[in-house]
1. Let me have the relative contact order for the chain, percent, based on Cα pairs under 8 Å that are six or more residues apart.
2. Taking LYS45 as the anchor, which lysines have their alpha carbon closer than 23 Å to its alpha carbon, excluding any fewer than eight residues away along the same chain?
3. Select from the chain the helices, each a whole stretch of DSSP H, whose alpha-carbon atoms run 18 Å or more along the helix axis and whose Kyte-Doolittle mean is at least 0.5; answer none if there are none.
4. For the chain, with a Gaussian network of springs between Cα atoms less than 10 Å apart, report the residue from ALA59, ALA51, ALA94 with the top mean-square fluctuation.
5. Name the residue, out of GLU95, GLU56, GLU168, whose mean-square fluctuation peaks in a Gaussian network model built on the chain with Cα pairs under 10 Å.
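Since every read-out is calculated from the coordinates, none of them should be taken as a lab result. Here the structure is a predicted model, which means the values were calculated and not measured.
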Amino acid sequence: MIFVLLPLTGAVIGWVTNVLAIRLLFRPLQPFRLGPLTFQGLIPKRRGQIAYTVGEVVAEQLFSVDELAEQLDMPSIQQELERLVCIAVDRWCAEKIGVLPKSVRHTLSQRLSDLVTTEVAHQFPRMVELLVTHMREQVDVRAIVEGKINALPLLAVEEIVLSVARSELKQIELFGAVLGFLIGLMQALLVFWLA
């Protein structure tokens, strides 16, 4: 009987202990006091620190403004900018010199569009460089990630973690049962040998 009872008891204890340990990562969401002790789940308690650290890792190792700039298709952006400049020049000419004959207005509009487009093409690399420099100075990836994590409701954070690691957490629970079973089996063997 001890070879059945002790291993099964150990398995249940090991499984329940690991289930509780995993739940206590998240629960209780709000701190509560029990005498001199205060209880709160690890993730809710350290949420700010976790958010800061994740933001730091993302900013330093996973994502940067420079990498974002490298992913942009600059030639197509430049072409689109030149197209928009031509449209703006055509509108301006239609408004400001609309009284001139159509052929003169068209020639002036075309010439002005060519000049402005050439200047935009010439200045485009400098514009991009300035944009990236300003983004480096003004965009704090760490702060953005930290803010987004801190803004998530704690239940949403719990659901994200559980959805990502559900199978691994189940394995940890089962490992507790197996380990408890083995410990119960060793206890049964000790009781049998000592009795």
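1. 49
2. Qualifying lysines at Cα under 23 Å: LYS148.
3. 2-23, 154-194
4. Evaluated over the chain, the most mobile residue of the options is ALA94.
5. Taking springs between Cα atoms under 10 Å, the residue moving most is GLU95.
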